[in-house]
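Scroll down for the structure; my scribbles are underneath it.
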Amino acid sequence: MEDDEDNKIIIKDIQFGYRRFRAPAKRIYGNRNIFLLDIPPNPIASWLSFWMPQLVRSWLQRLLPEWFLPTSVILKERNPNKADSYENEIATYLHLRSLQGTHIPRLFGEVAVSDPHAQRYQISKRPTPAILLENVEGVSLHNLPIKELRNPHLLKELQDMYNLLTENEVLHGDPRLHNFLRIDQKVVAIDFELSEPLFGDITNEEELETLKGDIERRAREAQGA
């Protein structure tokens with residue numbers, strides 16, 4: 001169970017492209033700097049989205065994503081002790097652009113996060129780099145019942161996900177059940193901080209077998225409980 005500090009709502013000051021806004025954020029992964037961010041409404045963008053032709057709207061959304069954000073997104077701040085992992089994750093999302101919105105979360109872009117409570121006379125820290133990601137409302141494989149985890153359909157969906165990564169020559173790098181979500185009869189991969197290009201003897205098949213081993217281990221533990 002999360003403690004009160006984890007459930008605390010924090011106000012974030014966000015600079016994203018030409019848009020600056022403040023938004024309430026809630027930490028969602030223990031002590032990691034990952035938050036669920038509620039985006040304030042933007043009436044002008046809503047009006048434009050309603051009246052503009054689809055082709056023009058899609059072009060504007062690609063050009064100015066900061067004005068067309070959904071009502072909630074994931075804010076993932078850079079860990080100052082893991083700057084390389086942060087840059088690596090951005091590069092991987094860009095490389096896997098064709099999978100965004102379907103098999104991995106959509107990357108909206110990079111933002112700067114400031115402390116809105118800093119006083120004018122204080123020497124404030126520099127803004128923290130962060131990325132905004134699609135909030136995929138799926139269920140972590142870690143939280144699925146054992147019966148569903150061992151379902152052949154889910155195992156095939158997991159295999160399909162890894163096949164796509166292999167086709168795009170990417171190794172996920174962190175094969176844990178927490179890093180895969182189930183939604184709409186498919187598996188979505190998240191958290192690419194440790195990903196790397198596929199080369200040499202490294203294969204995604206090894207990661208897939210690691211996940212299958214975790215599933216079987218949990219099944220044995222459940223039977224012994």
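The values are calculated or read from the model by the stated rules, or taken from the named source; none is laboratory data. None of these values were measured; they are calculated from a predicted model. Here the Cβ positions follow ideal geometry from the backbone for every residue, glycine too, while neighbour counts run over all protein chains shown.
Before moving on, here are some points about what is shown:
- Residue within the range 33-55 that is among the acidic types (Asp, Glu) and within 17 Å of Glu134 (Cβ to Cβ) present: yes
- Put simply, of Ile90, Ile39 the only residue that is surrounded by 15 or more Cβ atoms within 10 Å (Cβ to Cβ), of a type in the set (Val, Ile, Thr) and more than 27 Å from Met161 (Cα to Cα) is Ile39.
- On the stretch given as the range 182-225, residues that are closer than 19 Å to Asn88 by Cα, touching a Pro at 6+ places or on another chain (Cβ under 8 Å) and hydroxyl-bearing (Ser, Thr, Tyr) total 0.
- Total residues in the range 176-205, condition within 15 Å of the chain's Cα centre (by Cα) and surrounded by 15 or more Cβ atoms within 10 Å (Cβ to Cβ): 15
- Meets criteria (in contact with a Ser or Thr (Cβ under 7 Å, 6 or more places away or on another chain), not β-branched (Val, Ile, Thr) and not assigned by TED's automatic domain parsing to the domain that holds Lys82) for Leu211: no
- Whether a residue is outside the structural domain of Ile39 (by TED's automatic domain parsing), outside any loop (DSSP other than H, G, I, E, B), more than 26 Å from Asp38 (Cα to Cα) and within 17 Å of the chain's Cα centre (by Cα) was assessed, and Leu165 passes this test.
- Counted residues, the range 42-94 - those being touching a residue at least 60 places away in the same chain (Cβ under 8 Å) and either of a type in the set (Lys, Arg) or not assigned by TED's automatic domain parsing to the domain that holds Arg19 (or both): 1
- Single unsatisfied condition, Ile28 versus (1) touching a strand residue (DSSP E or B) at 6+ places or on another chain (Cβ under 7 Å); (2) loosely packed, with under 14 Cβ neighbours inside 10 Å: (2)
- Screening the candidates Ile202, Ile215 for the property of being in a loop (DSSP other than H, G, I, E, B) and among the β-branched types (Val, Ile, Thr) yields one hit, Ile202.
- All conditions but one from (1) over 28 Å from Phe108 (Cβ atoms); (2) modelled with pLDDT of 95 or more apply to Glu157; the one that does not is (1).
- Single residue of the range 116-142 satisfying the filter (modelled with pLDDT of 65 or more and β-branched (Val, Ile, Thr)) that is nearest to Glu157 (Cα to Cα): Val139
- For Asn135: the one exception among (1) touching a residue at least 60 places away in the same chain (Cβ under 8 Å); (2) over 21 Å from Asn88 (Cα atoms): (2)
- Any hit, the range 84-97, residues being within 22 Å of Gly30 (Cβ to Cβ), in contact with a Leu (Cβ under 6 Å, 6 or more places away or on another chain) and of a type outside the set (Lys, Arg): no
- Residue list for the range 137-173, restricted to those being among the acidic types (Asp, Glu), within 13 Å of Glu205 (Cα to Cα) and either surrounded by 15 or more Cβ atoms within 10 Å (Cβ to Cβ) or touching a Leu at 6+ places or on another chain (Cβ under 8 Å) (or both): Glu169
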